[in-house]
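Presented below is the structure to which this report refers.
The values are calculated or read from the model by the stated rules, or taken from the named source; none is laboratory data. Source: prediction; values computed, not measured. Using ideal geometry, Cβ is built from the backbone for each residue, glycine included, and neighbour counts are taken over all protein chains shown. What goes into the accessible areas is simple: the full protein's heavy atoms, side chains included, and nothing from ligands, DNA or RNA. Shrake-Rupley method; radii C 1.70, N 1.55, O 1.52, S 1.80 Å.
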Amino acid sequence: MARNGNGRRLNTPQSVNAAVKSICDVMRRSNCAGALQYVPELTWILFLRILDERETSEAERAKAVSAEFTPSLTAPYRWQDWAAPDGGKRKELQGSTLGAVYSFVNGELIPHLRQLREHPNASPRQKVISEIFSGTDRTRIDTERNLLDVVDRVHAISSEQVDQTHVFTLSQVYEGLLLSMGQKNNDGGQFFTPREVVRAMVQAVDPRVGETVYDPACGTGGFLAQAYGHMEKVLGDATTADQVEALKRSTFFGREKDDQVYPIALANLVLHGIDEPHIWHGNTLTGQEIYGGLFEGAPALYDVVLMNPPFGGKEGKDAKTQFAYKTGSTGVLFLQYVIDQLKPGGRGSTVMDEGVLFRTNERAYVQTKRKLLEECDLWCILSLPPGTFVNAGAGVKANLLFFTKGKSTERIWYYDLSDVKVTKRQPLTAAHFEEFFHLLPDRADSEHSWTVDLDQRKQEAADAARPFKEQAAARSREAARWNETLTALKKAKPRDEVAVEEAQVRLKELTREARNLASKAQDIEDAVYDLKAVNPNAKSDEDTRTPAELLDLIEAKGREVAEAVAALRTMGSQAPEA
């Protein structure tokens, strides 16, 4: 059972969270004012503690079966050496000059860990360690006293003997820290997707052991961590050693470009049990790589892709040139990317800004949605409540898309959660998704769900557009004849300038009319790709009264008021004088 620094047992979730909060309080007074400062700092400290426990356990298991074990870290760089209260290196340093521990951490420990990946034959785990420290030059904590206070508190709560039946695992505690980093005023919300949204997406897509899972904008690694937990739970007690090994070492892949968040993602995944997270550091959309050493051997295509692209992001020319349909919209480019990254039969789910769903006035938006519907079966769109991302500092209305690569879309099943009130104090919960998962197997209709026949919608649009296309074609043919006439008039001698001018005017009119008619036809056909969830079963609060009816009502109410005022005046005039 874990104990805090005072020796008291930590046997409830509240006590563990209180202990973590106390660590954060120390860090806040130690030059780490906000979550964006103290979460990265606490990340590497927690990671080194868990790594030490894990490698100690692995060494003991290897010894028990007379197997070899090569640790990633050796003395004096292990937690047990420099950080543990009874560590040999720590005792040596504290017995020497004042500030020796602080100097060791900044001058020896961190530089050593940062360059581990450069060692000949560096192991995958050593590369992960090196990358977790890629953005850390020195500790942010301002004094040795505060550093040792934090280290001792972490040492006290991260014991493997924490009762995981009754106490949050350390990974759950860490998720709470990441959530604090995603709060509105911390600027970290772009990297954090609400946990219930992540859980719903993973459950609906249902990644299975033996499949590869990929997040091309993984942020803090939430989708990959949730997928790992889901797959581990499905395995249950029937798991084999090979399956566990595959799950921990060759299943999860991601990309992240932010220098500060990339190491947090690595540490988060390791804390969740993924020993070898294959995260590529760089810009996914441009292909510009910062470090790809952890991504070696990654597959060309994936079985499952889960992601939440950055809201409202704008990309430059370097990204646009990589894609068939050019646009600055990050979300639209990522949708094209995800489709291309799926294996035939692969399953994808992505959070999508509602603006992408309904916009049909930009060609790249329409072309991308056409690509999705033609190359994939878009089998579900779930409309999230407004305010779902309020804790992450984003007020955008969003939807969840679920699709399978390899078969075009015939029907789309919609589920509507937009009537749920979500606020900072009332976030989305698992209970809000219960009916969705109950109806999902049969994609049944209900008050909150309905099905759109896409083939029927396309046919209706084609029928509606046909007259405009025919008229546009007729105008174009007539314009062509006038163009021939104009050419002849210009060659005629003597040249009739009045006739030439009349022909030019007529040609211009016909060309404009043909273009406008063709544009109307295009707009009708493009409207098919307005995929916004509009619930046909929703109760309308719209006032359907006509202006005349409203005027009659106002007039009647005016008479009632006049009569009431007259009655009051009469009562006043009849009252006896005092």
(request) Mind telling me which of the residues Ala521, Ala548 ends up being exposed (fewer than 10 other Cβ atoms within 10 Å of the Cβ) and over 30 Å from Ala398 (Cβ atoms)? (result) Ala548
(request) Considering every residue within region 287-298, establish whether at least one is over 16 Å from Gly221 (Cα atoms) and of a type in the set (A, V, I, L, M). (result) yes
(message) Among the residues that make up region 392-400, is at least one of them surrounded by fewer than 22 Cβ atoms within 10 Å (Cβ to Cβ), within 18 Å of Leu306 (Cα to Cα) and either over 16 Å from the mean Cα position of the chain (by Cα) or at pLDDT below 95 (or both)?
(response) no
(message) Out of the residues in region 319-338 meeting the condition of being in a helix (DSSP H, G or I) and in contact with a strand residue (DSSP E or B) (Cβ under 6 Å, 6 or more places away or on another chain), tell me which one is nearest to Cys376 (Cα to Cα).
(response) Val338
(request) Those residues that are touching a Pro at 6+ places or on another chain (Cβ under 6 Å) and not aliphatic (A, V, I, L, M), I need them from region 202-226; list them, please. (result) Thr212
(request) Among the candidates Ala465, Ala474, single out the residue that is of a type outside the set (Val, Ile, Thr), modelled with pLDDT of 95 or more and surrounded by fewer than 16 Cβ atoms within 10 Å (Cβ to Cβ). (result) Ala474
(request) Test Glu513 against the stated conditions and say whether it is open to solvent by less than 60 Å² (accessible area, probe 1.4 Å), acidic (Asp, Glu) and out of contact with any strand residue (DSSP E or B) (no Cβ under 9 Å at 6 or more places or on another chain). (result) no
(request) Pick out the one residue from Lys469, Lys520, Lys458, Lys532 that is within 24 Å of Thr368 (Cα to Cα), in contact (Cβ under 8 Å) with a residue 40 or more places away in the chain and not in a helix (DSSP H, G or I). (result) Lys532
(message) Take the residues in region 486-510 that are open to solvent by 90 Å² or more (accessible area, probe 1.4 Å) and within 60 Å of the chain's Cα centre (by Cα); name whichever of them is farthest from Ser476 (Cα to Cα).
(response) Glu501
(request) Look at region 86-120 and say how many of its residues are out of contact with any strand residue (DSSP E or B) (no Cβ under 9 Å at 6 or more places or on another chain) and within 30 Å of Leu294 (Cβ to Cβ). (result) 18
(request) May I ask you to verify whether Ile23 is farther than 19 Å from Gln126 by Cα and open to solvent by less than 20 Å² (accessible area, probe 1.4 Å)? (result) yes
(message) Go through (1) surrounded by fewer than 20 Cβ atoms within 10 Å (Cβ to Cβ); (2) closer than 19 Å to Phe358 by Cα for Ser408 and report which single condition fails.
(response) (2)
(request) Looking only at region 354-371, decide whether some residue is closer than 16 Å to Trp413 by Cα and of a type in the set (Phe, Trp, Tyr). (result) no
(message) From the list Asn268, Asn308, Asn283, exactly one residue is under 17 Å from the mean Cα position of the chain (by Cα), farther than 27 Å from Asp455 by Cβ and open to solvent by less than 10 Å² (accessible area, probe 1.4 Å). Which is it?
(response) Asn268
(message) Step by step: first the residues of region 347-380, then only those that are in a strand (DSSP E or B) and either of a type in the set (Gly, Ala, Ser) or in contact with a Pro (Cβ under 6 Å, 6 or more places away or on another chain) (or both), then the one that is farthest from Leu301 (Cα to Cα). Which residue is that?
(response) Ser349
(request) Select, from Gly313, Gly348, Gly328, the only residue that is free of Cβ contacts under 8 Å to residues at least 24 places away in the same chain and in contact with a helix residue (DSSP H, G or I) (Cβ under 6 Å, 6 or more places away or on another chain). (result) Gly313
(message) It is to be established whether one or more residues within region 427-436 are touching a residue at least 60 places away in the same chain (Cβ under 8 Å), surrounded by 21 or more Cβ atoms within 10 Å (Cβ to Cβ) and assigned to a loop (DSSP other than H, G, I, E, B).
(response) yes
